[in-house]
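Heads up, the thing below is written out as structure tokens.
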Amino acid sequence: MEQKNRILAVTPSEYEEVRRRYPTFPMGLAQLAYRISAGGRLLRDSRSPANLRGGILVLCDMGFHAQTLGIPTLLRDLLAEIAGRGYEGVAADFSASLSAPLAAFLQELDRTLHDRGIPLWVNESCRNHVTHARLLIQAAATAGSLEAMLRQRCERYGTERVTAELVPLRLDFALPAADSQGQVLSRAELETLITELRPQPYFSSELCAKYFTYMSPERQAHFVLFDDGDTLAEKCRLAEKLGISHVFALYAEVENLLDMLVREGNEG
């Protein structure tokens, strides 16, 4: 997998941080800098660098609650921004519960960008509103097999439409676990557990994640499942093995693991 096909989504401030950390950043970048105004126009974050060119335009639906939307106008705004900044694709970060105007817009955006040869990414939850778009599939499993899950998605949608999304696991299960959900740990909570317990983590080849067990002061057994730089790199290799051409990640989710991903990609 080419490093540019590993795409990191960044806010304008995170973009500047990445530039400071990596003078020549090898991965692709997706700009979390766009949303839809109440009047249905494209809004760009004022902090987005004026000279920024290339990468992926990320459009979110946060804050848009209007009952109508001028689809032709918004499409013109988007196409002008793509041309003006040389964007190579668009990611529509829309919620699962799409309003009717946004669902209609997504369908038209899918058709318009496909006709122009511009790739579009959407969350898997929006799959019923698109025909051509690539689907972001979370590369995370808490039961069964991650490889089997990704293979199943490739068979259902076509491998060329599947993009693996790296969402680091940080879950604490009280045993015996009633389900596969677990309690979500913050990064700080996981780091505190590891520092205090000094556990011996093991790698699960089925889940493509690490785990350890511990006993609470109340004598309750726990199972902690988590990702680190090694397991995220392994998930990238698994995606490549399955023929999945792109991997997405949010900088906010992988910031502390990014060095490993960059190093592994360069070595690969």
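The values are calculated or read from the model by the stated rules, or taken from the named source; none is laboratory data. Nothing here was measured: the structure is a model prediction, and the numbers come from that model. Positions of Cβ are backbone-derived with ideal geometry, glycine not excepted, and every protein chain shown enters the neighbour counts. The protein model used for the area step is the full one, side chains on, heavy atoms only, and it has no ligands, DNA or RNA in it. Shrake-Rupley method; radii C 1.70, N 1.55, O 1.52, S 1.80 Å.
Some observations on this one:
- Built from the Cα atoms of the chain, the convex hull projects on average onto 15.7 nm², one quarter of its surface area.
- The heavy atoms of ASP115 offer some 100 square angstrom of accessible surface to a 1.4 angstrom probe.
- Estimated translational diffusion coefficient (Stokes-Einstein, Kirkwood radius over Cα pairs, 10 °C, 1.306 mPa s) of region 171-243: 119 µm² per second.
- At the residue level, VAL262 shows approximately 10 square angstrom of accessible surface with a 1.4 angstrom probe and all protein chains present.
- HIS114 accessible area, assembled protein chains, probe 1.4 Å, Å²: 100
- Region 179-228 versus region 100-144: alpha-carbon centroid distance in Å: 33
- Taking max minus min of the alpha-carbon positions on each principal axis, region 95-201 gives extents of 55, 28, 26 Å, largest first.
- Around the Cα centre of the chain, unit charges on the Cβ atoms of Lys, Arg, Asp and Glu (plus for the first two, minus for the last two) sum to a dipole of about 680 debye.
- Globularity index of region 127-257 is 1.14 (Cα radius of gyration / 2.2 N^0.38 Å, N = number of residues).
- Rg/Rh (Cα only; Kirkwood hydrodynamic radius) as it applies to region 11-105: 1.00
- Residue-averaged 222 nm ellipticity for the chain, from DSSP H runs of 4+ at -39500 (n - 2.57), nearest 500: -10500 deg cm²/dmol
- Taking each residue as 0.36 nm, the span from GLU218 to GLU155 lengthens on full extension beyond its C-alpha to C-alpha distance by 18.1 nm.
- Accessible surface of region 1-123, 1.4 Å probe, proportion on carbon and sulfur as whole %: 51
- By DSSP, the beta bridges lying fully in the chain are antiparallel in about 35 percent of cases.
- Candidates PRO119, PRO176, PRO168: whichever shows maximal mean-square fluctuation once the chain is modelled as a Gaussian network with Cα springs under 10 Å: PRO176
- For LYS210, a cut-off of 21 angstrom between C-alpha atoms picks up these lysines, skipping any fewer than 8 places away in its own chain: LYS235, LYS241.
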